[in-house]
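Inspection log for the structure reproduced underneath, given as structure tokens.
Values quoted throughout were computed directly from the atomic coordinates according to the rules given, and no laboratory measurement underlies them. These figures come from a predicted structure and were not determined experimentally. Here the Cβ positions follow ideal geometry from the backbone for every residue, glycine too, while neighbour counts run over all protein chains shown.
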Amino acid sequence: ACAPYRRLYVCDRNLEQIKPSNITSTHNLLVDVCMAAQFEGASISGRYPQYVAKYPGSGSTMCTMLARSFADIGDIVRGKDLFVGYDEKEKKRRKQLENKLKEVFGKIHEDVTRGKNGKNGKNLQALRDRYNGDKDPNYYQLREDWWDANRAKVWYAITCGAGKNDKYFRQTCSNDKA
């Protein structure tokens, strides 16, 4: 798959440095994902003025850039990232990151389906019913659910450096009339 230019430089440093042995709960994972999002947001916010100077009239707002990077982070977390790298070094880094995420979600899957997360009774059975069928070592269902549960926090982390006047939505009609 061809990837947009922005994907060559997604700042996923915190994700790449995850040590699966240190992830003891979904909360630890959330901290690392939010840190990666915050670094990515700061990177975009810091470089946006130079981007506007180099590409005036491009129509890309900072919030649009943040939204696209947010979607990229979501794709990585959910295991649906199509970008595998542009050279052998990058391909190796992407593969290592995916393997770490599989290991982390494997641990979370085990905790969730064995009741180690404090769930019991009907809740535990519902979790087992939902995830025990997830025999795929990628844990796509669990990853999707984790992202759904935490996406608002990740969005907050990536946008914390955006200015007050930055807007994601634009007027679509002339004269500001809907």
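Being outside any helix (DSSP H, G or I) and free of Cβ contacts under 8 Å to residues at least 60 places away in the same chain is the requirement here; does Lys116 meet it?
yes
Against the definition (touching a residue at least 12 places away in the same chain (Cβ under 8 Å) and outside any helix (DSSP H, G or I)), how does Ile18 come out, yes or no?
yes
Mind counting the residues in the range 143-162 that are surrounded by 15 or more Cβ atoms within 10 Å (Cβ to Cβ) and small (Gly, Ala, Ser)?
Applying the first criterion (surrounded by 15 or more Cβ atoms within 10 Å (Cβ to Cβ)) to the range 143-162 yields 143-147, 150-151, 154-155, 157-159, 161-162.
After this cut, where a residue has to be small (Gly, Ala, Ser) as well, the list is 157, 161-162.
Total meeting the criteria: 3.
Please pick out the residue among Lys100, Lys80 that is assigned to a loop (DSSP other than H, G, I, E, B) and either within 16 Å of the chain's Cα centre (by Cα) or without any contact (Cβ under 8 Å) to a residue 24 or more places away in the chain (or both).
Lys80
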